[in-house]
1. Given T3, T21, T14, which one is on the phi < 0 side of the Ramachandran plot and modelled with pLDDT under 95?
2. Kindly indicate the residue of the stretch 32-57 that is open to solvent by less than 50 Å² (accessible area, probe 1.4 Å) and within 24 Å of D71 (Cα to Cα) and also modelled with the lowest pLDDT among those meeting that condition.
3. Of the residues in the stretch 37-91, how many are more than 12 Å from T8 (Cα to Cα) and either touching a strand residue (DSSP E or B) at 6+ places or on another chain (Cβ under 7 Å) or among the polar types (S, T, N, Q) (or both)?
4. Confirm whether V6 is without any contact (Cβ under 8 Å) to a residue 40 or more places away in the chain and closer than 21 Å to S73 by Cα.
5. Only one of L81, L61, L25 is open to solvent by less than 60 Å² (accessible area, probe 1.4 Å), of a type in the set (A, V, I, L, M) and without any contact (Cβ under 8 Å) to a residue 12 or more places away in the chain. Can you tell me which?
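The values are calculated or read from the model by the stated rules, or taken from the named source; none is laboratory data. In this text, all values refer to a predicted model and were calculated from it rather than measured experimentally. Note that we place each Cβ from the backbone using ideal geometry, even for glycine, and neighbour counts take in every protein chain shown. Surface areas here come from the heavy atoms of the whole protein model, side chains and all, with no ligands, DNA or RNA. Shrake-Rupley method; radii C 1.70, N 1.55, O 1.52, S 1.80 Å.
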Amino acid sequence: QNTVNVFTYAPFQTRVARAVTEYGLNRENAEKDVRKVDKARESYYNYHTGNKWGNAANYDLCLNSAAYGIDGSVDFILRMLDREGKTNLPR
């Protein structure tokens, strides 16, 4: 198998706080936008895969990015892929 399916997630309030910080949204708009993006991602994934978005059984790895931060999560995924011989991406 050449594909590794990774699902990254974080608590809702963590994602809202990131939207406020990264995009300069007020909290109310950030909450609406996060919900809207979640719904769109779920709909897209469910339609194109026939699976349920976020169901751990559909992924090789599920990772809470709030636990490691964005850079730490990327590093974690790349180290896992390197260990499995699935990538030769430069660091």
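1. T3
2. G54
3. 8
4. Numbers: without any contact (Cβ under 8 Å) to a residue 40 or more places away in the chain: no; closer than 21 Å to S73 by Cα: yes.
When the stated conditions are applied, V6 does not pass them.
5. Working: L81 fails: without any contact (Cβ under 8 Å) to a residue 12 or more places away in the chain; L61 fails: without any contact (Cβ under 8 Å) to a residue 12 or more places away in the chain.
The conditions single out L25.
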